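Asker: Here it is, the structure, as structure tokens.
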Amino acid sequence: MRALLAAAVSLAVGACSGVPYQLSEAPKFSDPAVSGIVRTVFTESKLPGTGLISQIKAAHPISRGDWLLCMKSNDPAQTRRYALYFVGNKLVHWQLAAQVDACEDEAYSPVT
């Protein structure tokens, strides 16, 4: 029984050290699916005003996705920023931006 458990653990650990992770292709905001996702998240976040977004950039390695887009409102009284995480053109998670996302340092432009 111990030998079987040891073999299972060895296989599991060995699987993690295989081929290095390859980043997905960066999403393109010009893709209607991506721009639609951003509009949907802006609506679901219930931010006032009009949506503003950053450029798409590589996400921090601890993030849930490969790529990050920051979003905020054009309302100056609203300081919340959201991080949208993508793998390719697929949104995998969105949340209030964390410090590691560095959304405060981004330049924003209107969602078109």
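The values are calculated or read from the model by the stated rules, or taken from the named source; none is laboratory data. Predicted, not measured: the structure shown is a model, and the values here were computed from it. Note that we place each Cβ from the backbone using ideal geometry, even for glycine, and neighbour counts take in every protein chain shown. Note: accessible area is taken over every heavy atom of the protein model, side chains too, but ligands, DNA and RNA are not part of it. Shrake-Rupley method; radii C 1.70, N 1.55, O 1.52, S 1.80 Å.
Asker: Would you check if there is a residue in the range 2-20 being part of a loop (DSSP other than H, G, I, E, B), open to solvent by 90 Å² or more (accessible area, probe 1.4 Å) and at pLDDT 90 or above?
Answerer: no
Asker: Please work out if S63 is at pLDDT below 95, open to solvent by 80 Å² or more (accessible area, probe 1.4 Å) and among the polar types (S, T, N, Q).
Answerer: no
Asker: If I go through the range 70-94 residue by residue, how many of them are farther than 15 Å from P110 by Cα and open to solvent by less than 60 Å² (accessible area, probe 1.4 Å)?
Answerer: The total comes to 9.
Asker: OK, next. Every residue in the range 21-47 that is closer than 18 Å to Y108 by Cβ, open to solvent by less than 50 Å² (accessible area, probe 1.4 Å) and not aromatic (F, W, Y), please.
Answerer: Those that are closer than 18 Å to Y108 by Cβ, open to solvent by less than 50 Å² (accessible area, probe 1.4 Å) and not aromatic (F, W, Y): P27, V34, S35, I37, V38, V41, S45, L47.
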